[in-house]
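Quick notes on the structure that follows.
Quick note: the coordinates plus some simple rules give every number you see, no bench work behind them. These numbers come from a predicted model, not from an experiment. Heads up, the Cβs are rebuilt from the backbone with ideal geometry, glycines too, and the neighbour counts pull from every protein chain shown.
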Amino acid sequence: MIVLKNADEIKRMRAAGRVVAEALELAGRMVAEAVTTGDIDAAVAELIAARNGKASFLGYPKGLLRYPASTCISVNEEVVHGIPGKRRLRAGDLVSIDVGVMLDGFHADAARTFVVGKPRGRDAARLVATAREALAKAIAAARAGGKLSDVSLAIQAHAEGAGFSVVRQYVGHGVGRKMHEEPQIPNFVDRSVLRRDVVLKAGMTLALEPMINAGGSGVKTLANGWTVVTSDGSLSAHFEDTVAVTEDGAAVLTAP
């Protein structure tokens, strides 16, 4: 069931989104050579606590597993759910940082991909730019009266038009009182997606999140049970914002 939010609920989600945006700005400033992913996670966790929020990811259940950190930090071929720790960043690394915050009973969720210094090669820079642009196109397509597949197609067309691929095993999602709500939002369109298509309505709150690979779309999960990497070892980039659908388009709730 898709839960529509009223104006007050969206206001509360925007407050959570401001904390997410502040956390991502802090994380982005910290991305540099020799900094560990654990250092970034600790700083974000401190900021979230100082704003009276809770990290949405910490302790999140996946079967018998509980996610052990406040952020997901995925480097290079890691797509999503990278666990922060002792890994030190190196020049040219692509660093995707995903932050979720619950504040006043509502969640907001966003992600950005940063580069340590200069990217290693033109394709790495193009990958990051394409993923960022794909998110912008998805946001532009999220309009009341449109279809969810419009959002999915906007991402797929832009990514594949640039010669990249979209991850198919992980998707965007509704968000609100729960971190993951209906609907699921694939970053591609096929017959099964069209069969489940829905009309977008004002009050829907969605986490739109293109996950774009430089190589093939295939992914696999590492032995830690969380970290998802590209099957072929190619680079990946991830951008995400939480938006509220309105009659005039999407309002970004995780904007700074």
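Counting only Cβ charges, +1 for Lys and Arg and -1 for Asp and Glu, the dipole size of the range 1-146 around its Cα centre is about 220 debye. For VAL35, the amide hydrogen comes within under 5 Å of the amide hydrogens of LEU89, counting only partners 5 or more places away or on other chains and with H modelled in the peptide plane.
Sorted largest first, the spans of the alpha carbon positions of the range 161-256 along the three principal axes are 41, 30, 24 Å.
Under the convention that each Lys and Arg Cβ holds +1 and each Asp and Glu Cβ holds -1, the size of the dipole of the range 1-84 around its Cα centre is about 540 debye.
Only Lys, Arg, Asp and Glu carry charge here, each on its Cβ (+1 for the first two, -1 for the last two); on that basis the chain has a dipole of about 200 debye about its Cα centre. Under 5 Å between amide hydrogens, built in the peptide plane, is the criterion, and for PHE114 it picks out VAL95, SER96, ILE97 among residues at least 5 positions away or on other chains. Just so you know, the Rg over Rh for the chain is 0.94, from Cα atoms, with Rh as the Kirkwood radius. In the chain, helices alone account for a calculated mean residue ellipticity at 222 nm of -10000 deg cm²/dmol, with every DSSP H run of four or more residues adding -39,500 (n - 2.57).
Put +1 on the Cβ of every Lys and Arg and -1 on every Asp and Glu Cβ in the range 7-252; which of VAL75, ALA21, ASN52 then has its Cα farthest towards the positive end of the dipole? Result: VAL75. What's the FRET efficiency of ALA32 with ARG126 using the Cβ-Cβ distance as r and R₀ = 25 Å, to the nearest 0.05? Rounded to the nearest 0.05, the efficiency is 0.65.
Packing, as the average of other Cβ atoms within 10 Å across residues, places the peptides 69-80, 37-48, 139-150 in the order 69-80, 37-48, 139-150, highest first.
Ordering VAL115, VAL171, ALA202 by Cα displacement along the dipole of the chain toward the positive end leaves VAL171 in first place; charges were set at the Cβ atoms of Lys, Arg (+1) and Asp, Glu (-1). With a Förster radius of 25 Å applied to the C-beta separation of ASP39 and VAL198, the computed FRET efficiency comes to 0.05. Taking amide H atoms as placed 1.01 Å from N in the peptide plane, the amide H of GLY82 lies under 5 Å from those of ILE73, SER74, VAL228, each 5 or more residues away in sequence or on another chain. Principal axis analysis of the Cα atoms in the range 38-104 yields extents of 38, 30, 17 Å, listed in decreasing size. Listed values for the range 80-88 are Karplus-derived 3J(HN,Hα) couplings in whole Hz (6.51 cos²θ - 1.76 cosθ + 1.60, θ = phi - 60°), namely 8, 6, x, 8, x, x, 8, 4, 9, and x replaces Gly and Pro.
Taking a 28 Å limit on the Cα-Cα distance, which of the listed pairs LYS147/LYS178; LYS11/LYS86; LYS5/LYS137 fall beyond it?
Values: LYS147/LYS178 23 Å; LYS11/LYS86 37 Å; LYS5/LYS137 23 Å.
Listed pairs above 28 Å: LYS11/LYS86.
The range 22-157 has equivalent-ellipsoid semi-axes of 25, 22, 13 Å, by the square roots of 5 times the alpha carbon gyration tensor eigenvalues, sorted largest first.
Using θ = phi - 60° in the Karplus curve 6.51 cos²θ - 1.76 cosθ + 1.60, the 3J(HN,Hα) couplings for the range 30-44 round to 7, 5, 6, 4, 6, 6, 8, 5, x, 4, 5, 4, 5, 5, 5 Hz; x is entered for Gly and Pro. Using the alpha-carbon centroid of each, what span in Å lies between the range 195-230 and the range 3-18? So the two Cα centres are separated by 23 Å.
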